[in-house]
1. Please work out if I414 is surrounded by fewer than 20 Cβ atoms within 10 Å (Cβ to Cβ) and closer than 30 Å to L446 by Cβ.
2. So which residues in segment 529-543 are within 21 Å of the chain's Cα centre (by Cα) and surrounded by fewer than 17 Cβ atoms within 10 Å (Cβ to Cβ)?
3. I'm checking my understanding of the structure. Among residues of segment 621-650 that are of a type in the set (S, T, N, Q) and within 14 Å of T497 (Cα to Cα), which one is surrounded by the fewest Cβ atoms within 10 Å (Cβ to Cβ)?
4. In segment 320-370, how many are under 20 Å from G208 (Cβ atoms) and of a type outside the set (A, V, I, L, M, F, W, C)?
5. Given A324, A359, A350, which one is in contact with a strand residue (DSSP E or B) (Cβ under 7 Å, 6 or more places away or on another chain), of a type in the set (G, A, S) and surrounded by 16 or more Cβ atoms within 10 Å (Cβ to Cβ)?
6. Which strands (runs of 3 or more DSSP E) sit wholly inside segment 25-110 and have at least 1 residues that are over 30 Å from E166 (Cα atoms) and touching a strand residue (DSSP E or B) at 6+ places or on another chain (Cβ under 9 Å)?
7. Could we say that M279 is in contact with a Ser or Thr (Cβ under 6 Å, 6 or more places away or on another chain), over 30 Å from T445 (Cβ atoms), surrounded by fewer than 18 Cβ atoms within 10 Å (Cβ to Cβ) and not assigned by TED's automatic domain parsing to the domain that holds F449 here?
8. Please give the helices (runs of 4 or more DSSP H) falling wholly within segment 123-178 in which 2 or more residues are under 30 Å from N651 (Cβ atoms).
Amino acid sequence: MGGFFMFLLTAGAFAAAVLRRYSISILLIAMTLGCLDSELHAPPQLPTEFSQHSYCFSGVTTEVRRFEPTQTLIVKIDSCNGHAIRPFRVKVSVPSSVPTVDERWRIHFPAKLDNIEYDPDLPDEIDYNSSLRRSGVIGQALISPDSLRIIQPEPGLLNTIRRQHEKITLLIAASALTDKTQGFLNAALTGDRSMLTAETREIFSITGLSHILALSGLHVGIIALIISLVLLPLRLTGLNNLRTILTIILLWMFAIMTGLSPSVVRAVIMASVLLISAMLQRVRAPFNSLCLAALLILLFTPQAIYSIGFQLSFLAVISILLFAEKINPFSRRNAIAYTFATYPAVTLAALLGTGIVSAYYFNIIPVYALPVNFISALLLPLILGGGIVLLSANAAGLQWLWLADCVDSLYSIILSASTFASTLPGAVADGILLHPFTIAAWFVTLAAFAIWLYRRRPAGLAATIMLSVFTVFITASFRCNAGHGAELYIPRTGRQTSVIIRHDNTLVFATTTRNHESGDIIDSYTQKYRLFMLKRGIDSIRQLPAHCHSGLFSRHDNLLTFRTHSGRSTSSSADSLLTILMVYDKSHVSDCDRHISYALVCNGFRGDIRDLAAEIRPDTILLSADLNRRRHDRYRQELTEADIPHRSLRNTPFSIILKPIH
């Protein structure tokens, strides 16, 4: 299909050239080259045999994510059973923090690899692997810590530069800064957010400051300014070109050290073009620099266009270039006022381009983002500059406690301001669900607004107002209504088993876990099924008490009963009771005297599976995903040999559409 499409584009380009439509021909040739580049960089398909048998793989870790007490490794595999293969990337989960693996180290491990696919338990479930698939990760594996062997740091200049962020993290951890400041500085200088607390992330998300926790053009600009100040003596001695070259080299070293994320690479390319044009005394063209950055990034990593960071980074810069100067109420003649007003103008311009896209992806709009971002924009250069000077002093053996106190105080101002804003009424508009048509209408409106700003014609203002009204109308028209109906789901988790019931705009669950752990499950489900709940008008999820009754279902300890139209009867009007018995202890089945539709066997059951089937005689036995793998496989084999209807929930989701009896 891709080859046929490229053939059509090539034929169209040739036809346009013959008809002397050279601009159309150039555009079609560019599209053809883009498709070809995308095909050349497409990740390979995971060989089927890798998921059927265990092999010994060898590769280099390109990314490490630590969530105590587990580690998630992104590994670029280049060897299988000692033989070189075409490199591909996989996600490797290690359920332990030992041995500790760092980036750009070579590791060996035996594993079966599974395809990294979207296989949700509930509709609209958050896909945590989507970003990995878009970045070219094609497989995943869960390995034992004992089977993981760390060989050595991977040689090479780029790998050595990448590993320097570990030394910076150690310097930050050994400094006199408070824990909160250390976590922020580590995120701002290395891109590693593992030292940040969940509370800090939540506060920054509510107030629209999440972007300062992710490396972006703002951080690169501050780093470039600090480097320029450090190298100022070169300019004073007439070696300004050397100063420019060293600045560019150090900026690219920073980009490599932080992982070459699209937003950082974009900023470094634009900064490099800006510095080179100044050195060669050429006219600066920011939009040309931006287009060059996009071209180079997509040339080497075409899949980056699907990255949220790539989209937000380029939209922010485009908006700043278009709107920042025009919405600044002061002219350049009033230098002090113009400079002071630039901060809120730039912030507002960036929000115009990125706010609606962020709302589309994250379903929230921070109401007080503008004032909080204004404060952070003023203080962030001082925090990063002071932090870099402090770390340099610590590396030289100097302990400047006064500087650590200053950096702590500056960061506490940002944290206090964001904390205060997050407690204000209406701090965040959540539950935002936008249709792609709304996004398109918004950007058409922004285009009309830009035309009016630059030409100042009444027709442009009228078009902007009309398009704004149309955008509001589109947003209201595509608002999702609360869905009616009822469903039952059994999600696949490794630590406990839950039965989730959705009835109209109510979502409840029964679980095998202890009551004191239910809060963690509610938090996990609220995040994981956020879109599912949002699209159906569900405000919250709650745990069912041990004994309860409603019109659709009732619960008595571990027995769930549903009044529903039977799907097993040939009569469409036939009524039945659908029952699910959650079996995680032999004592839970001794007093069951009802007909059982499904016996859900969970972790904790240690009895004979055939005796259980003979005792309660269920229509089907379900083997939950939290069963020990060996026990699960033994139960499955015994049920198959005894010809007892059963189903494994380890690899396949389970759901039932309920038809309530009115």
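The values are calculated or read from the model by the stated rules, or taken from the named source; none is laboratory data. Only a predicted model underlies this, so the values are computations on that prediction, with no experimental measurement involved. Here the Cβ is made from the backbone with ideal geometry for all residues, glycine too, and neighbour counts use every protein chain on show.
1. no
2. Initially, segment 529-543 is screened for residues within 21 Å of the chain's Cα centre (by Cα), giving 529-535.
Answer for segment 529-543, where residues must be within 21 Å of the chain's Cα centre (by Cα) and surrounded by fewer than 17 Cβ atoms within 10 Å (Cβ to Cβ): L531, K535.
3. Going residue by residue through segment 621-650, those that are of a type in the set (S, T, N, Q) are 624, 628, 637, 640, 648.
After this cut, where a residue has to be within 14 Å of T497 (Cα to Cα) as well, the list is 624, 628, 648.
Working: S624: 27, N628: 10, S648: 18.
Taking the candidates together, the pick is N628.
4. From segment 320-370, those under 20 Å from G208 (Cβ atoms) are 320, 323-324, 327, 341-370; that's our starting set.
Adding the requirement that they be of a type outside the set (A, V, I, L, M, F, W, C) leaves 342-344, 347, 353-355, 358, 360-361, 363, 366, 368.
So the answer is 13.
5. Numbers: A324 fails: in contact with a strand residue (DSSP E or B) (Cβ under 7 Å, 6 or more places away or on another chain); A350 fails: in contact with a strand residue (DSSP E or B) (Cβ under 7 Å, 6 or more places away or on another chain).
The match here is A359.
6. Numbers: elements: 55-67, 70-80, 83-94.
Fully inside segment 25-110 and qualifying: 55-67.
7. Values: in contact with a Ser or Thr (Cβ under 6 Å, 6 or more places away or on another chain): yes; over 30 Å from T445 (Cβ atoms): yes; surrounded by fewer than 18 Cβ atoms within 10 Å (Cβ to Cβ): yes; not assigned by TED's automatic domain parsing to the domain that holds F449: yes.
Here the answer is yes, as M279 does meet what is asked.
8. On the way: elements: 130-134, 157-162, 164-173.
The helices (runs of 4 or more DSSP H) meeting that bar are 130-134.
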